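Accompanying notes for the structure given below.
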Amino acid sequence: MSSKTRHQIIKRLQAELPRGAPFDLAVLESFGVSPQLAARYANSGWLVRLAHGVYAFPNDDFDVYGGLRFLQERVAGLHLGGKSALALQGVRHNLAGQETLILWGDVRFVLPTWFTARFPARYVNARLFDWLDDALPEQTLTAPPGQPPGLRVAVPERAVLELLYEAGTRQSLEEARNLFDGLRSPRKQVLGQLLSCCTSVKAVRLFLTWARETGIVDIDALLEQYPIRTGSNQRWMSRLDDGTLLSLKPHG
């Protein structure tokens, strides 16, 4: 390939590829760029190699959402979850300068260094829901108003259960309670569906307990209408990482 042809291809890439996000070899190959040519462009400074098979334009300071959308296309079920999802939807408590992003996904995955070096984040892969309705996973992910189209964020009802799953381990119980107290008008039907397929007895019972205490939803009506998984009729007890003994009754 002549230098003139290589120059024409990179000019086309610059003109047609959107800025603000990385791209991979599959995208480059659609423009006629082979892995070898991509490496030559990187060596010449036309592209920046972020990782094996992942590139960006020089000086393209893509934001976290551009990076997330790139990962979403490659990791099944990847979404902003837990505390991060609640924060994007107005439920916050004692914001730090730069919060660690909480990402959830359906498969085991290690966040790439090019992403975590720019945006502090951690990834959670846990089978928190035994989905009874194939449509529910997508129905409980949304792009909140004001956020980039295509961004996948857990709705508050799902995010709070993700938060409670980690309460006492990766998430302090005190902060989890403060965030729970910030919930406003959760949707009963969505809660009932999610609680009915939630596999974490701790998360379910913690939700029922705090919901009773706050009156955020009618728990007795919820239990009567939906087959919520609360485990046995015994108290659920566990010693948390900070030494706190958590004791939860079956129905809050």
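The values are calculated or read from the model by the stated rules, or taken from the named source; none is laboratory data. Remember, it's a predicted structure, so these values are computed and weren't measured experimentally. Quick reminder, even Gly has a Cβ in these numbers, built from the backbone with ideal geometry, and neighbours come from all protein chains shown. Ligands, DNA and RNA are excluded from the accessible area calculation, which covers all protein heavy atoms including side chains. Shrake-Rupley method; radii C 1.70, N 1.55, O 1.52, S 1.80 Å.
So is Val160 modelled with pLDDT of 90 or more, open to solvent by less than 40 Å² (accessible area, probe 1.4 Å) and under 30 Å from Ala21 (Cα atoms) or not?
yes
Which of the residues belonging to the stretch 26-81 are charged (D, E, K, R) and under 20 Å from Thr116 (Cβ atoms)?
Result: Arg49, Asp60, Asp61, Asp63, Arg69, Glu73, Arg74.
Can you name the helices (runs of 4 or more DSSP H) wholly within the stretch 75-139 that have at least 1 residues being over 27 Å from Leu173 (Cβ atoms) and open to solvent by 60 Å² or more (accessible area, probe 1.4 Å)?
It comes to 113-116, 136-139.
Please find, within the stretch 141-155, the residue that is farthest from Gly90 (Cα to Cα) out of those that are over 12 Å from the mean Cα position of the chain (by Cα) and touching a residue at least 40 places away in the same chain (Cβ under 8 Å).
Only one residue fits best here, namely Gly150.
I need a count of the residues in the stretch 42-82 that are β-branched (Val, Ile, Thr), free of Cβ contacts under 8 Å to residues at least 40 places away in the same chain and touching a strand residue (DSSP E or B) at 6+ places or on another chain (Cβ under 8 Å).
The total comes to 1.
Filter the stretch 25-40 for residues that are assigned to a helix (DSSP H, G or I) and either in contact with a Gly (Cβ under 7 Å, 6 or more places away or on another chain) or not β-branched (Val, Ile, Thr) (or both) and give the result.
Matches in the stretch 25-40: Leu25, Ala26, Leu28, Glu29, Ser30, Pro35, Gln36, Leu37, Ala38, Ala39, Arg40.
Pick out the one residue from Phe62, Phe23, Phe31 that is open to solvent by 30 Å² or more (accessible area, probe 1.4 Å) and touching a helix residue (DSSP H, G or I) at 6+ places or on another chain (Cβ under 9 Å).
After applying the criteria, what remains is Phe31.
Quick one: would you say Asn43 is in a loop (DSSP other than H, G, I, E, B) and open to solvent by 50 Å² or more (accessible area, probe 1.4 Å)?
It is false that Asn43 is in a loop (DSSP other than H, G, I, E, B) and open to solvent by 50 Å² or more (accessible area, probe 1.4 Å).
Return yes or no: is Thr209 over 14 Å from Ser84 (Cβ atoms) and touching an Asp or Glu at 6+ places or on another chain (Cβ under 7 Å)?
no
Examine the stretch 145-152 for a residue that is open to solvent by less than 30 Å² (accessible area, probe 1.4 Å), of a type outside the set (Gly, Ala, Ser) and touching a strand residue (DSSP E or B) at 6+ places or on another chain (Cβ under 7 Å), and state whether such a residue exists.
no
Going through Ala143, Ala121 one at a time, which residue ends up being within 30 Å of Leu206 (Cα to Cα) and in contact with a Phe, Trp or Tyr (Cβ under 8 Å, 6 or more places away or on another chain)?
Ala121
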